[in-house]
Each structure stands twice: as C-alpha cells, then as structure tokens.
Amino acid sequence: MATKEASSSKKPAAASSGKAATKAALAAVRIADNKKAVFNYHIEERFEAGMVLEGWEVKSVREGKVQLTDGYVVIRGGELFIIGCQINPLGTASTHVRPDSVRTKKLLMHKDEIRRLMGKVEQKGFTLVPLNMHWKAGRVKCEIGLAKGKGEHDKRDTIKDREGKREVERAMKSRNR
C-alpha cells in the first residue's frame, strides 16, 4: 500500500514541473534536425509526413545514426521521396540484408496535400527540404518544409542577427550577476 502511494505521489510532481517536463519530452522525441535548411532557406510552410523504413533503418534511427543535412524531397508520379537522407547501419545489422545508407525513402502524405505541394513546387524558387525527423506515436515522422532559397545577403543578415542576439544575452547575463 505504501508503494502505491509513493508511485502516485511521484506522478504529480513530474507533471507540476511545467515547461521543464515538456522540453524534456520534446528533446526525447526529436531524432535529427537539419539546421542547414533553416540557414539556407526561408521556410514558408511545414508539413509532417510518415516514412517508409526497413527494419535495420528503424534500429539505426533509435540509436540516432541519422543525417538530414544533404537531404531533399522530390515528387515523382504523385508520390514524395526523400533523397540524400543518410541512415548509417549498425554494426550488428543482419547478415542476409545489405544495408544501403543513402537509399531513397518514400514519404507518406495525403494525396490532396501532395497535389497542393506539386502546385507550389512548380512555382519559381520553391523546393521541399527535410527539416527534422521525430517520433510520434511510435512511428518515425519527417517534417518537411516548403522553402524558398535565401540570397547571400539574406544569409549575412541572419548571421548578423544571431551575433547581435548573442551579445545582448551576454550583456544581460553579466548584468544579472
């Protein structure tokens, strides 16, 4: 009886911690981020798509052996595919399966959303880029973004803004001490 009370008293304490609990939960859900995409592109819209993976890929994803940096999304025959997303195989991969780390993977979305994306991508300057991979209800999802390329001056502005924010943070930190 004492163990039930102890276990039930722990649950509200974790729930009452507020933002810290949600941040920890979000951090555990994320698999990989594509920070380069946010730097190189203006993200207009974000979409979530399921991924078709093989068994060894899921095991590697659980270990975090994913790289999205060079990946991009194409539409072929009314279907979405992610190219250049690298999932490195584990050393304990099966002997009868030949893992291909840069295999083209299919993304799953509703046909209406894909048709809408096709119309947008055909416009000048728009492309689809993978932004992150995450777990949702036990399945691997990929967040893709409808993006427009940044010019060189836009990238410089981004760097300048980031450095300005860092200086303000440093000043505030030293002021609070």
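Legend: translational diffusion of segment 30-149 by Stokes-Einstein, Rh = Kirkwood radius over C-alpha pairs, 25 °C, 0.890 mPa s; D = 167 µm²/s. In order along segment 40-48, phi translates into HN-Hα couplings of 8, 9, 8, 8, 7, 9, 10, 9, 10 Hz, rounded to whole numbers, per the Karplus curve 6.51 cos²θ - 1.76 cosθ + 1.60 with θ = phi - 60° and x for Gly and Pro. Amide H to amide H distances under 5 Å link LEU131 with GLU143, ILE144, GLY145, where only residues 5 or more positions off or on other chains count and H is placed in the peptide plane. Protection proxy ranking of 51-57, 106-112, by the mean of other Cβ atoms within 10 Å over each peptide's residues and highest first, is 51-57, 106-112. MET118 sits among other residues whose Cβ lies under 13 Å from its own Cβ, and their net charge, with Lys and Arg +1 and Asp and Glu -1, is +1. The listed peptides 96-103, 78-85, 62-69, 126-133, ordered by packing as a protection proxy, come out as 126-133, 78-85, 62-69, 96-103 (highest mean of other Cβ atoms within 10 Å first).
All of the numbers you see were taken from the coordinates with simple rules; none came from a lab. Note that the structure is predicted; figures quoted are calculated from it, not measured. Please note: Cβ atoms are built from the backbone with ideal geometry, for glycine as well, and neighbour counts cover all protein chains shown.
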